[in-house]
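To keep things clear, I will list the structure first and then write my remarks on it.
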Ligand code: FES
């Protein structure tokens, strides 16, 4: 069971009232970058909310994720402008360098990759956004350097 103690601390820190379900899920999301299944089960039992209803909420709110995500979430734009400028080549390069596929997380928990619709910076196509930071006019040759920058930042943190 993943980080059970910390999950319980967060959940039981709230009064057992249904209206706190979203706040609890947001706290867990902040801490783990996603909401593990055991957390959903504990919330369901504690607040007496059916698991299906909680899953419905977690799917509805874009800020909540039910799948593990990396500390650095790499969003590669696959909107039209980026797509015609070979965004999928950028995705392949990321997958090669990180050894994971879209939707997966690196074993050290640092990176995950996803593809998204237009991020509103078409003039910079192809674009990827890492934790809100935009990287534009990308070529496959740029990718290793950008990833290393985040890794080095991690070491110096
Ligand atoms: S299509 Fe990628 S930023 Fe608009």
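The values are calculated or read from the model by the stated rules, or taken from the named source; none is laboratory data. From a predicted model like this one, the values you see are computed outputs, not experimental measurements. Counting neighbours? That spans all protein chains shown, and the Cβs are built from the backbone with ideal geometry, glycine included.
Go through the stretch 29-55 and report how many residues are over 21 Å from residue 15 (Cβ atoms) and within 18 Å of the chain's Cα centre (by Cα). Residues that pass the stated criteria total 6. For residues in the stretch 124-145 being in a helix (DSSP H, G or I) and in contact (Cβ under 8 Å) with a residue 12 or more places away in the chain, which is farthest from the ligand (Cβ to nearest atom)? If we take residues in the stretch 124-145 being in a helix (DSSP H, G or I) and in contact (Cβ under 8 Å) with a residue 12 or more places away in the chain, then 144 is farthest from the ligand (Cβ to nearest atom). Being surrounded by 15 or more Cβ atoms within 10 Å (Cβ to Cβ), out of contact with any helix residue (DSSP H, G or I) (no Cβ under 7 Å at 6 or more places or on another chain) and assigned by TED's automatic domain parsing to the domain that holds residue 144 holds for only one residue in 84, 90, 113, 100, and it is 100. Among the residues of the stretch 56-76, are any without any contact (Cβ under 8 Å) to a residue 24 or more places away in the chain, outside the structural domain of residue 128 (by TED's automatic domain parsing) and more than 30 Å from residue 129 (Cβ to Cβ)? Taking every residue of the stretch 56-76 in turn, none turns out to be without any contact (Cβ under 8 Å) to a residue 24 or more places away in the chain, outside the structural domain of residue 128 (by TED's automatic domain parsing) and more than 30 Å from residue 129 (Cβ to Cβ).
Okay, residues lined up against (1) within 11 Å of the ligand (Cβ to nearest atom); (2) on the phi < 0 side of the Ramachandran plot; (3) at pLDDT 95 or above:
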| residue | (1), (2), (3) |
| --- | --- |
| 86 | no, no, yes |
| 94 | no, yes, yes |
| 111 | no, yes, yes |
| 147 | no, yes, yes |
| 157 | no, yes, no |
